[in-house]
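No lab work stands behind these numbers, since they all come straight from the coordinates. Note that this is a predicted model, so its numbers are computed, not measured. Here the Cβ positions follow ideal geometry from the backbone for every residue, glycine too, while neighbour counts run over all protein chains shown.
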Amino acid sequence: MSEKNEQASGPTAETTERLHEFREAEGYVIDVDTEAASSVAGVKLAKDGHSRLIPQPSNDPNDPLNWSWGRKHTVLFVISFASFLPDYGSATGAVTLIPQAIEWGTTPDIVNHSQAGNVFMLGAGGVLVVLLSAYFGRLPIVFWFLLGSTATAAWCAGATSLDSFTAARILNGFVSTVAQAGGLMFIQDTFFFHERARKINIWSSFIIMSPYIGPLLGAFITETKPWPVPFWVYFAMNVLSLGLVIAFLQETYYDRTIPEGEQPAQGSRIGRLTGVVQWKSRHLRNTFGQACWRTVSVFIKPTMLISCLFYTLTFAWAVGINTTLAIFVTPLYSFGPKQIGFFYFTPVVAVTIGEVVGHWIHDFVAKQYIRTHKGHFEPEVRLRVIYFSMPLVIIGLVLFGQAMAEGWHFMATSVVWGMYVFGMMVTTVALSSYCLDSYPEASGEVSAWLNMSRTVGGFIVSYFQVTWAEAQGTKLSFGIQAAICAGAVLLIIVLQLWGKKLRVWAGPLNFATT
């Protein structure tokens, strides 16, 4: 029986170990200086001369791990820009609530329900994206979903009733999430282990910054233009993203268990983009049933369940604040659209600082552990950074509630809001890196479930954020949110203490393909 047929009928744990050099019980062996020379013969190393390249690339120039620096980073930029769009478009509606309510004779809170539906679909659509990618391939799913995103963005801008607008927003959320939900697949396919945290940091910064850029630009536009104009800008950005995908994005799925001479034909650019090429080689990937089971099997792993619960409990408030901010600050500070736009500069700066700090802090923690543990690395090490970021999250939420209740100067309010956003930026990268390191063969599923956790929390909070604050006051409501975040840190402690044992107990995924 060939290696490929053996995989299709049920792979063993050794398949994943060979491809990703990860073992549940041992983690990763990074530094070859710690091993006998006989065990490292022929191992390809990083430029430092002693760190393993994980995964080990094949000799095929079509292997994405062998692509040039420019080609890899072009893919990273295109997928990051496409990942920027979903939350950008979703949050653009945060500053159009009032003019839309006036036009349609309702309240801003009712119009905000379209926003909540959009946020929920950003998560639900992502699970389908990854499922389809496991069967059809990466590139065609991005292309077709972005085409749908472009069409529904135009529908949002052209809607003439609340019902039409709500339908357009819900559908747009479902299809626009494609790169946001599946971004880790492209990073896993293209970059080595020692590079991934920095690339996740870049990709995450696009995602986390986007819901603040949307209202920022939208507020300035609605100062002098009617509310559909910001959505026409969103449509134009979709057109640009679709153009970048057509011109530059590559199919990054590559199965290294197939010998170079037996790899499926590359085919034409149009064929790869539309999925015709991938359809012809679908027998070499997951069956549709296997693709469905992949999404379920990853989610029920104990460490993934705990990680998703933690992310839901901590990131939900970011979405809640963002989607309702205009309702809070307009009466408190007598802000108009322009002032609200300026207010959104704060989280943009916070994410930028988080990206800069994250560029070195995640690698610093990992390298320090590797140096002091004889070249070995455990995924749980990634979580150590969260002990630095979560205090900022908790303090930021407490002070934000205080600022709203006591009417602090808007500059003080913006600073504490930025503190929370900065903390969540750093936390996001640490958690994403941990989950990806734990299940490297499930990059898409990991990405989709973390995205779902983030958006589901935001969807729920968007419905009651305003009424909760009105009923109990911002001091108490945001204080409770901070307490929930503090309690969620206990989940990280559980993962730090017992995460490895849980991974070993749950066993490998044994996917048909990686």
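Helix 228-248 axis versus longest C-alpha principal axis of the chain: approximately 10°, rounded to the nearest ten.
Calculated FRET efficiency, VAL43 and THR352, Cβ-Cβ r, R0 45 Å, to nearest 0.05?
Details: r = 38 Å, r/R0 = 0.85.
Efficiency, rounded to the nearest 0.05: 0.75.
The stretch between TRP505 and ALA25, if pulled fully straight at 0.36 nm per residue, gains 171.9 nm over its current Cα-Cα span. Post the alpha-carbon centroid distance, segment 321-366 to segment 240-312, in whole angstrom. Spelled out, the Cα-based centre of one part sits 34 Å from the other.
With 0.36 nm allotted per residue and the present C-alpha distance subtracted, the LYS280-THR467 stretch has 62.0 nm of extension available. Placing a pseudo-label 7 Å from each Cα along the Cα-to-Cβ vector at LEU490 and GLN266 gives an inter-label distance of 5.5 nm. Taking packing as the residue-averaged number of other Cβ atoms within 10 angstrom, the listed peptides 129-136, 342-349, 178-185, 295-302 run from highest to lowest as 178-185, 129-136, 342-349, 295-302.
Between TRP69 and ILE300, the FRET efficiency from the beta-carbon distance, with R0 = 30 Å, is close to 0.20. With a Cα cut-off of under 24 Å and a minimum spacing of 8 residues unless on different chains, the lysine pairs in the chain number 20.
Here each label is just a point 7 Å from Cα along the line to Cβ, and for PHE345 and LYS374 those points are 5.5 nm apart.
Peptides 231-244, 492-505 ordered by packing proxy, namely the average of other Cβ atoms within 10 Å per residue, highest first: 231-244, 492-505. If you fit an axis through the alpha-carbon atoms of helix 474-506 and take the longest principal axis of the Cα set of the chain, what angle between them do you get, 0 to 90°, nearest 10? Tilt relative to the chain: about 10 degrees.
Separation of segment 158-193 from segment 479-498 is 29 Å, based on Cα centroids. A Förster distance of 51 Å, applied to the separation of the beta-carbon atoms of ALA247 and MET411, puts the FRET efficiency at 0.75. Rounded to the nearest Hz, the phi-derived 3J(HN,Hα) couplings of segment 153-164 under the Karplus curve 6.51 cos²θ - 1.76 cosθ + 1.60 (θ = phi - 60°) are 5, 5, 5, 4, 5, x, 5, 10, 9, 5, 4, 5, where x marks glycine and proline. Relative to the longest principal axis of the Cα atoms of the chain, the long axis of helix 302-333 lies at roughly 20 degrees. Under 5 Å from the amide H of ASN510 lies no amide H of any residue 5 or more positions distant or on a separate chain, with H modelled from the backbone and absent for Pro and chain starts. Rounded if a/c is under 1.5, else prolate if a/b beats b/c, else oblate: with a ≥ b ≥ c from the C-alpha gyration tensor eigenvalues square-rooted, which is segment 64-506? It is oblate, given that a/c is not under 1.5 and a/b is not larger than b/c.
Each peptide in 408-418, 210-220 gets a packing score, the mean of other Cβ atoms within 10 Å over its residues, and the list from highest to lowest is 210-220, 408-418.
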